[in-house]
Structure formats: structure tokens, C-alpha cells
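Down below is the structure, laid out as C-alpha cells.
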Amino acid sequence: MKKIVLAALGLMAAVGLAGPLDTAHAGKPLTLRIGHPMAPGNNVTVGYEKFKELVEAKSDKQIKIQIFGSAQLGSDRVTTEAAQAGTLDMSSCSSPNMASFSKAFMAIDLPYITDPKFQDNFYKGLDEGELGKEMERAANEIGLQPIMLSQYGYRNFVSTKKPIRTVADLAGLKVRTTDSPVEVGVAKALGMNPAPVAWGETYTALQQGTVDAEGNTFSLLNDAKHTEVLKYAMDSNHNYSMHLLLMNKKKWDSLTPEQQTVIREAAHEALVWQRTESVKLEQKAWDAFKEKGIEVTILPDAERAKLKEMTAPVREEFAKQIPGRMMELLTATQK
């Protein structure tokens, strides 16, 4: 891991990202750099492009945003370590990978801890309630400041190997996971063989047969062209994920109140827009799956109930490890 981090920092230095934290100077344009792993056109990517547009407009281009997507600066774990160290201003990290930094973020990753029918309540808790404040506290403890809690979506299981029409069909599949212990636990509970693989290497792993399944949003799978190798899918909706845009906390504290206000307002407006856009992009991805001839199984209620039952012990096990009030506040939004 040390070698990976050093390599990423070296790449950042090559493009002018490394060095001490900038300080805010009145009258001098401020440039902030974002590293994220998402593909062009993805709902997370377009959200950050909207954020950039709004920040620059609201600040009359006194604050400029540079975006390095598609894992140009490394995986989200690598860029988040760089943001902690202050060699990168902002990193976007998936909620599963945030578990490597703080167990508090495992709460979001738990199987079936959220339900689409309570999505508006969940958003309200994040945007206006105590849940958002608890997430900010957890991030601050690891040297990061949440800027935008981007919509990612509900993950579904997909396969290159065999039809996955029932829960039993998942057994035996070698599934790509993140480093999230929750994601690994879910795979094992379903009889799958988990294989943590960095996102940027997943397409090749599927293509070469290193893994034959993964769990992700249809939107990202379509944008990342995994539809070129996938053959089967089910709408498992087994967990919800976010991509958290995080700034180095010292960097955030160095900004003027006016700069912070611009960034907060732009992030909120971009997020509201991005959530609506995400629905459109997910539907577009479903249509693309059909066009590619990928067999998509809509799970009947009985099969979905089996998924929830089989993964419930994982949820219960990891819920005990989550510090603070995260679980209490998260479950309060699901009604």
C-alpha cells in the first residue's frame, strides 16, 4: 500500500498537484483539484461537472475547479489518502471504500439498510438533519470535510458466466468486491467467492475471467462499458452507495467564509440536480442492457425476501462495530 500511495503522489507531482496546502488569498483566484475514479458521463461525473460550473459562476471565476476523473490519479482510496495528506484538495470516494478510513461509513454499505421507497426521507436526513451532521463529524475525525454527498445508486449483481435468475444462482460465482468488509461479508453469505479488485482493473478482470461477477449500479456498468462483457443481471438492489466528495480539512478551514459559502451553495444545487439526473441515467442504462442482449431478471418478492434473510446476519454483525449515532440516525430515515 505504501508503494501505491507513493506512486500516486508522484503522479500528482508530475501534474502539479503535490506540495504544501495553498492558503486563501483575497483577490487571487483559487484553484481546487478533484480526483475521482468514475467514467465519463456517469451520474457522479456529471454531478461534479455541474459543481464546477456552479462554483465558477457563483465566484465569478475567482474559484476554479480542476477535475481528474477515470482514476487518472489513482483509485478513490489512493486519492482520499492524498486528500488526507494535503497533496490533493478533494477526493471522491465510494461509501464502501470509506470503510477503510472510518467504520462509521460502513452503515451506508449495510445490505438493505435503506429502501428506495424511503429515499426522500434519507435525503432529508442527509441534507437537513442529524444524519448529515454525523457524517460530517466522522469525516472531520479523519481530517476530511464533506463537500457533496453524491448520489451513486443501488447496486445489482451481474455476471459473465451463467444466468442469475434466483438467489441460489449466485452461489459459486467469483465476485469482484471493494475492500469493504461488509461487501465481502455479503458475498460470503450468499455463497459467492469475494475477490477485492480495484475499480480500474475490474473490466479486465471480467474480460479475462479472473472474476465472473460484480455488484454495481447499472448506470456505472453501462458508462464503464462493462456491458461489452456482461451477459446476465438481476435487480438485487442489495445495497445503496454514495460517492463522497471530501476536501482536506485544513484546506477547508483556510478558505474565507465567502469561499466556503460559494462552495456549499454550489454543492447543494449540484447535488439536487445530480439526484434527478441519476434517475434518467439509470433508466438509460436499463435500456442499454436490453439493447446489448443482457438477460435481466426482475426478482419476485419471494427471491428478494431470501436475499434479505441471507444477508441479515451480515447487517447485524457489522452494525455492532459502527461508532457514534450513525446507525440510529440512518434507520430513523427509513420510515
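The values are calculated or read from the model by the stated rules, or taken from the named source; none is laboratory data. Given the structure is predicted, the values throughout are model-derived calculations rather than measurements. Please note: Cβ atoms are built from the backbone with ideal geometry, for glycine as well, and neighbour counts cover all protein chains shown. All accessible areas refer to the heavy atoms of the entire protein, side chains included, with ligands and DNA or RNA removed. Shrake-Rupley method; radii C 1.70, N 1.55, O 1.52, S 1.80 Å.
So that you can scan it fast, the table gives a plain yes or no per residue for (1) touching a residue at least 40 places away in the same chain (Cβ under 8 Å); (2) more than 22 Å from Lys50 (Cα to Cα):
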{"residue": "Asp120", "(1), (2)": "no, no"}
{"residue": "Ile142", "(1), (2)": "yes, yes"}
{"residue": "Pro146", "(1), (2)": "yes, no"}
{"residue": "Gln151", "(1), (2)": "yes, no"}
{"residue": "Asn156", "(1), (2)": "yes, yes"}
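Of all residues in region 212-257, exactly one satisfies the criterion of being at pLDDT below 95, in contact with a Leu (Cβ under 9 Å, 6 or more places away or on another chain) and among the small types (Gly, Ala, Ser), namely Ser219.
Scanning region 50-89 for residues that are part of a strand (DSSP E or B) and in contact with a Phe, Trp or Tyr (Cβ under 8 Å, 6 or more places away or on another chain) returns Ile65, Ile67.
Against the list (1) open to solvent by 40 Å² or more (accessible area, probe 1.4 Å); (2) at pLDDT 95 or above; (3) closer than 20 Å to Asn97 by Cβ, the condition Ala198 fails is (2).
With the structure loaded, tell me whether Gln84 is farther than 25 Å from Thr217 by Cα and out of contact with any Leu (no Cβ under 6 Å at 6 or more places or on another chain) or whether it fails that test. In short, yes. If the condition is being under 18 Å from Ala267 (Cα atoms) and either of a type in the set (A, V, I, L, M, F, W, C) or buried (at least 19 other Cβ atoms within 10 Å of the Cβ) (or both), then region 96-133 contributes Phe122, Tyr123, Gly125, Leu126, Leu131. Yes or no: region 141-152 includes at least one residue that is touching a strand residue (DSSP E or B) at 6+ places or on another chain (Cβ under 8 Å), among the aromatic types (Phe, Trp, Tyr) and under 30 Å from Glu295 (Cβ atoms). Yes, there is a match, as at least one residue in region 141-152 is touching a strand residue (DSSP E or B) at 6+ places or on another chain (Cβ under 8 Å), among the aromatic types (Phe, Trp, Tyr) and under 30 Å from Glu295 (Cβ atoms). Only helices (runs of 4 or more DSSP H) whose full extent lies in region 257-335 are considered here, and the ones with at least 2 residues that are open to solvent by 40 Å² or more (accessible area, probe 1.4 Å) and over 17 Å from Lys124 (Cα atoms) are 257-291, 301-319.
Report yes if some residue within region 147-165 is outside any helix (DSSP H, G or I), at pLDDT below 95 and among the hydrophobic types (A, V, I, L, M, F, W, C); otherwise report no. No: zero hits.
Only residues that are within 18 Å of Lys161 (Cβ to Cβ), in a helix (DSSP H, G or I) and either touching a helix residue (DSSP H, G or I) at 6+ places or on another chain (Cβ under 8 Å) or not hydrophobic (A, V, I, L, M, F, W, C) (or both) were counted across region 197-224, and they come to 7.
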